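Working notes, beginning with the structure itself.
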Amino acid sequence: MKVGVNTLFLIPGEVGGTETYLRDILRAAVPRHPAVEWSLFTNTENHASFEAAFEGIDRVRLWPTGVHARNRPARIILEQLQLPLLARRAGVDVLWSPGYTAPFLAPCPQVVTIHDMQYRRFPEDFTPAALLATRLLVPASIRVARRVIAVSEFSRREILDAVHAAPEKIVPIHSAAGPEFCCGLPDGEGAKRRGSLMPAGAYILCVANSYPHKNLHALVEAFGMMSRSAECRLVLVGGARRGESQLQAALEHLAGRDRVIRLGGLDRRDLIALYQGASVFAFPSLYEGFGLPVLEAMGAGVPVVAVDCGPMREVGGAAIRYCDGSPGDLARQLDDVMGLDAVERADLVRKARESAATFTWEKTADQTVAVLEKAAGFRANG
């Protein structure tokens, strides 16, 4: 089977969990499915990284489009007009678009991954132009695709609520956390990396860009309300987005702002080091399609406090603590977790690691390939 992969959405370091999703599926799927040939249609920003990742692997061929993905109108036009022609030239049996949007017309069956319906639930996360384009492109992509992959059962229901489609067309396939989050870094490397990023000491970690729905301002307010805040720092990892003004306002009103550390542009091993050294992981987001950072923290053995919304119960089950997303409840739950004794903490970490271990990229990759085979009319692997 020849699979075309639409990577035009992927700007390295800027698209968050969707980048992790595609790279880790390919990393698992390519060696596990030797009968599959992959044609990756790349943009200017991501071509070199895919070239390095698959150097010397004959079954992976790159097709550079030359489009700058940061130029969104140009990327959309190329995706609709040039990508189908490239797919025909590559002779692919199925075209997979892992980043929400796909061509309206293609020379082969299509599969699209829809990670969430954020544009419907939190339109304020988008510029007016981006919102208009998303409202047009996402429903149309769902309609033209032979199969749609949702990253959780929650997201599957969200898609079905938004777009009229046969229920069997939408297939839920969970994402996963990379094994390196669970295995840890070699002795001394984690401490060295953390030491290069911030002062030593206890800290609460949050990994999220400052979109409005990520609710980071509430976390900062909660940090100021915690009885134990003087014992630790708050580390925010992520870039500035459309909720940045709310976050800055909360920081300006925080008495101890010097105890908040903001980091961005980290490589994967730096992120692993931060997870593994955290006292607690906070995830105040009010909406997610899956919630990958929660699973990464669970695998790394960090107690998690997350808002009880969307797919969080699918991901965390009974292994994490839940709150309602308000500053007061966030503060109470964070204080409680910070105050756990060694036995209680170990029990929570054990449950989290056991739950996280049931999500693997190998399983995700196998299920994704099976959907691609079915869409293409090939006999799915057993």
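Can you tell me which residues in segment 190-206 are at pLDDT 95 or above and in contact with a helix residue (DSSP H, G or I) (Cβ under 7 Å, 6 or more places away or on another chain)? Scanning segment 190-206 gives Arg193, Arg194, Leu197, Ala202, Ile204, Leu205, Cys206. Checked against the criterion of being in contact with a strand residue (DSSP E or B) (Cβ under 8 Å, 6 or more places away or on another chain), more than 21 Å from Leu266 (Cα to Cα), modelled with pLDDT of 95 or more and part of a helix (DSSP H, G or I), the candidates Leu160, Leu137 yield just one match: Leu160. Any chance segment 247-258 includes a residue that's surrounded by fewer than 24 Cβ atoms within 10 Å (Cβ to Cβ), under 19 Å from the mean Cα position of the chain (by Cα) and either part of a loop (DSSP other than H, G, I, E, B) or in the same structural domain as Pro212 (by TED's automatic domain parsing) (or both)? No, every residue in segment 247-258 fails to be surrounded by fewer than 24 Cβ atoms within 10 Å (Cβ to Cβ), under 19 Å from the mean Cα position of the chain (by Cα) and either part of a loop (DSSP other than H, G, I, E, B) or in the same structural domain as Pro212 (by TED's automatic domain parsing) (or both).
Okay, residues lined up against (1) assigned to a strand (DSSP E or B); (2) touching a residue at least 24 places away in the same chain (Cβ under 8 Å); (3) under 24 Å from the mean Cα position of the chain (by Cα):
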position: Phe154; (1), (2), (3): no, yes, yes
position: Arg193; (1), (2), (3): no, yes, yes
position: Ala218; (1), (2), (3): no, yes, yes
position: Ala230; (1), (2), (3): no, yes, no
position: Leu234; (1), (2), (3): yes, yes, yes
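For beta carbons closer than 7 Å, sequence separation of 6+ or different chains, a first residue in segment 325-338 that is not assigned by TED's automatic domain parsing to the domain that holds Tyr287 and a second that is at pLDDT below 95 and assigned to a helix (DSSP H, G or I), there are no qualifying pairs.
Given the structure, is Ile142 among the hydrophobic types (A, V, I, L, M, F, W, C), in contact with a helix residue (DSSP H, G or I) (Cβ under 7 Å, 6 or more places away or on another chain) and part of a helix (DSSP H, G or I)? Yes; evaluated as a whole, the condition is true for this residue.
When you scan segment 1-99 for helices (runs of 4 or more DSSP H) that lie fully inside it, which ones turn up with 3 or more residues that are within 20 Å of the chain's Cα centre (by Cα) and at negative phi? Break it down into steps so the answer makes sense when it comes.
Working: elements: 17-32, 47-53, 72-90.
By residue number, 17-32, 47-53.
All told, Ser175 meets the bar of being under 23 Å from the mean Cα position of the chain (by Cα), closer than 21 Å to Phe9 by Cβ and not in a helix (DSSP H, G or I). When each of Leu286, Leu263 is tested for being surrounded by fewer than 21 Cβ atoms within 10 Å (Cβ to Cβ), over 20 Å from Asp329 (Cα atoms) and modelled with pLDDT of 95 or more, the lone residue that passes is Leu263. Taking segment 1-54 as the range and being in contact (Cβ under 8 Å) with a residue 60 or more places away in the chain and polar (S, T, N, Q) as the test, the residues that pass are Asn6, Thr7, Thr18, Thr20.
Identify, please: which residue in segment 213-231 is modelled with pLDDT under 95 and buried (at least 17 other Cβ atoms within 10 Å of the Cβ) and is, among those, farthest from Arg121 (Cα to Cα)?
Arg228
Scan segment 352-365 and give yes if some residue there is over 11 Å from Leu295 (Cβ atoms), surrounded by 17 or more Cβ atoms within 10 Å (Cβ to Cβ) and more than 18 Å from the chain's Cα centre (by Cα), otherwise no. No, the conditions are met nowhere in segment 352-365.
In segment 366-382, the residues that are at pLDDT 95 or above form Cβ pairs under 7 Å with partners that are assigned to a helix (DSSP H, G or I) and surrounded by fewer than 20 Cβ atoms within 10 Å (Cβ to Cβ), at six or more places apart or across chains, as follows: Asp366/Arg32.
If you go through segment 195-216, how many residues are in a loop (DSSP other than H, G, I, E, B) and either under 13 Å from Gly277 (Cα atoms) or among the hydrophobic types (A, V, I, L, M, F, W, C) (or both)? Show your work before the answer.
Filtering segment 195-216 down to residues in a loop (DSSP other than H, G, I, E, B) leaves 198-202, 208-211, 215.
Cutting the leftovers down to either under 13 Å from Gly277 (Cα atoms) or among the hydrophobic types (A, V, I, L, M, F, W, C) (or both) gives us 198-202, 208.
Total meeting the criteria: 6.
The values are calculated or read from the model by the stated rules, or taken from the named source; none is laboratory data. It should be emphasised that the depicted structure is a prediction, and the values quoted were computed from it without experimental measurement. FYI the Cβ positions are ideal-geometry reconstructions off the backbone, even for glycines, and counts take in every protein chain you see.
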